[in-house]
Amino acid sequence: MAQLLLRGQPLCLNPGVPAAIEAVLFDKDGTLSISEPMLKTLAEARVFQCLVLAGQRHRELGAPGAGAELEALLRRAYGLLAGGVHPAGTTAVGSRSHNLISTATVLAQVGLGWPEALELAELVFATTDGLHGHGSPQRPQTTDGLHDLVAQLVAAGVRCAVISNDEIPGIEAFLKTHALEHHFSALWSAEHSPRKPDPAAVHGLCAELGVPAERCALIGDANSDLRMARAAGVPVVLGYTAAWSTTPPLDASFEQLQHWSELSVALTTP
Ligand SMILES: [Mg+2]
């Protein structure tokens, strides 16, 4: 049986009782991967395409004042910051469909009817999808020290899994690019139902792994991940904060780490 140590201290189920861990469930974007540069490029491209297409169809939206309003609303909706993206914003945390709906909502706010707003948002996303996920020529890097931690987990017989709101091809391509696919036993994506942050997503992934939630750890960079894990009965829930230029605003009730070297694995006698 394995236990996890954070900065040398065992992570406990109850005070003094280290949790026995058989699987670690990792969020992908902002936890396994440094996604911010790619997400910023994607969100900027969506803003650009939206301004172009809306301006072509509605001349008044192409005028400087209205265009500036549309751009500002889109930037706020996407969580675009001067140097990156907000780690808890829609681009960082939301699925493609969430971002598409928020784009349509912004278009409705500047005067488009809902059917056209939705159609235009779909067009904007269709023209920019190639910048993200499995179609992207750009692959996000892994977070520093990840391979060493995964090797430790695998050597200790702890199974690794991904729980992400990316789609299956995007998750698989990321793992394959970084030669991690053989170390990850299962994944739960935006194509699975329910998707995270529903605690039932954790239970669905646990069922695929054949490991009860009570024997898992979950590591993510968003409060929604961490609260989902706690609600699902996962005993070890950790916030990872090193993947963003702006530190994610994580709930202080969760243990946090800034580098994978802070986490280690120890084998205990059965
Ligand atoms: Mg994330």
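All of the numbers you see were taken from the coordinates with simple rules; none came from a lab. Please read these numbers as outputs of a predicted model, since none were measured by experiment. Positions of Cβ are backbone-derived with ideal geometry, glycine not excepted, and every protein chain shown enters the neighbour counts.
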Across the stretch 247-257, in residue order, what do the Karplus-derived ³J(HN,Hα) couplings come to in whole Hz, using 6.51 cos²θ - 1.76 cosθ + 1.60 with θ = phi - 60° and x for Gly and Pro?
-> 4, x, x, 8, 4, 5, 6, 9, 5, 10, 9
Neighbour-count order for M38, M228, fewest beta carbons within 10 angstrom listed first | M38, M228
So what is the relative contact order of the stretch 166-270, in percent, for Cα pairs below 8 Å that sit 6 or more residues apart?
-> 17
To the nearest Å, what is the center-to-center distance of the stretch 109-182 and the stretch 242-270, using C-alpha atoms only?
-> 21
Hey, what do the phi angles of the stretch 28-35 turn into as Karplus ³J(HN,Hα) couplings, whole Hz, using 6.51/-1.76/1.60 and θ = phi - 60°, x for Gly and Pro?
-> 9, 5, x, 10, 6, 10, 8, 9
Calculated diffusion of the chain, Stokes-Einstein form, Kirkwood radius summed over Cα pairs, 4 °C and 1.567 mPa s, µm²/s = 67
To the nearest 20 debye, the chain has a Cα-centred charge dipole, built from +1 on Lys and Arg Cβ and -1 on Asp and Glu Cβ, of 140
Average Cα contact separation per residue, the chain, under 8 Å, 6 or more apart, as relative contact order % | 28
Would you please give the residues with an amide H less than 5 Å from that of S33, counting only those at least 5 places away or on a separate chain, with H modeled from the backbone geometry?
-> T143
Rounded to whole Hz, the Karplus (6.51, -1.76, 1.60) HN-Hα couplings of the stretch 140-154, x for glycine and proline | x, 7, 7, 6, 4, x, 4, 4, 5, 5, 4, 4, 4, 4, 4
Counting only C-alpha contacts under 8 Å and six or more residues apart, can you give the relative contact order of the stretch 43-116 as a whole percent?
-> 22
Long-range HN-HN contacts of A186 with modeled amide H, under 5 Å = V162
Helix 64-78 axis, angle to the chain major axis (alpha carbon atoms, nearest 10°) | 10
May I ask you to sort R195, R46 by Cβ crowding, counting other Cβ atoms within 10 Å and putting the fewest first?
-> R195, R46
